[in-house]
1. Gain in length, Val100 to Thr121, computed as 0.36 nm per residue apart minus the alpha-carbon separation, to one decimal in nm?
2. Counting helices only, and only those DSSP H runs with n ≥ 4, report the 222 nm mean residue ellipticity of the chain as the sum of -39,500 (n - 2.57) divided by its residues, in deg cm²/dmol to the nearest 500.
3. Could you rank Lys3, Lys59, Lys86 by how accessible they are, 1.4 Å probe, largest area first?
4. Enumerate lysine pairs in the chain that are 8 or more residues apart or on different chains, then count those whose Cα atoms are under 19 Å apart.
5. Note down the nm distance, to one decimal, between modelled labels 7 Å out along Cα→Cβ at Asp92 and at Val65.
6. Summarise the accessible area of the chain (1.4 Å probe, protein heavy atoms) by the percent that is carbon and sulfur.
7. In terms of modelled amide H atoms, which long-range or inter-chain residues lie less than 5 Å from the amide H of Tyr106?
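The values are calculated or read from the model by the stated rules, or taken from the named source; none is laboratory data. Note that the structure is predicted; figures quoted are calculated from it, not measured. Backbone-built Cβ (ideal geometry, glycine too); neighbour counts: all protein chains shown. Surface areas here come from the heavy atoms of the whole protein model, side chains and all, with no ligands, DNA or RNA. Shrake-Rupley method; radii C 1.70, N 1.55, O 1.52, S 1.80 Å.
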Amino acid sequence: MSKKQENGLLFIWIVSVVATFGSLYFSEIRHYEPCKMCWIQRIFMYPIVIMTTIAFIQKNARIAVTTAVFAIIGGCVSLYHYGIQKLSFLADSAPSCGAVSCTGQYINWLGFITIPFLALTAFILIAGASFYLMKTVKEGK
């Protein structure tokens, strides 16, 4: 495995670990109860930590296809979740989300940074790094 691939895997791992610990910080330390859409985003983020840990140990950059799929699906959920928080026409038609409303905003830093926005940012970074890794694997570098 090349140094570029090693660094790409490490980057994905760091982003996914920070996102995982960030979500656990909000729920376990700040006591913000996650809504159903937050749980779905967690379902797509948490395994990336495990996958990239194993891939790094095995020196297997081909895991990038799987991390890209997880990041794209998780990113779509995050984008929709962010949309129902910030766009009134989406919020009005938002599905019922259980005990905690998916339109609620526990944080709203600078008027636009919410928890789904943070998750979306992580998923975009992971997807970008995954595509970069796929390119390096294809080139054989």
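1. On the way: separation 21, 0.36 × 21 = 7.56 nm, distance 2.27 nm.
Going from the current span to full extension adds 5.3 nm.
2. Numbers: 5 runs with 98 residues, N = 141.
Rounded to the nearest 500, the figure is -24000 deg cm²/dmol.
3. On the way: Lys3 130, Lys59 110, Lys86 65 Å².
Output order, biggest surface exposure first: Lys3, Lys59, Lys86.
4. 12
5. 4.5
6. Details: 5480 of 7830 Å².
That fraction is 70 percent.
7. Ile115
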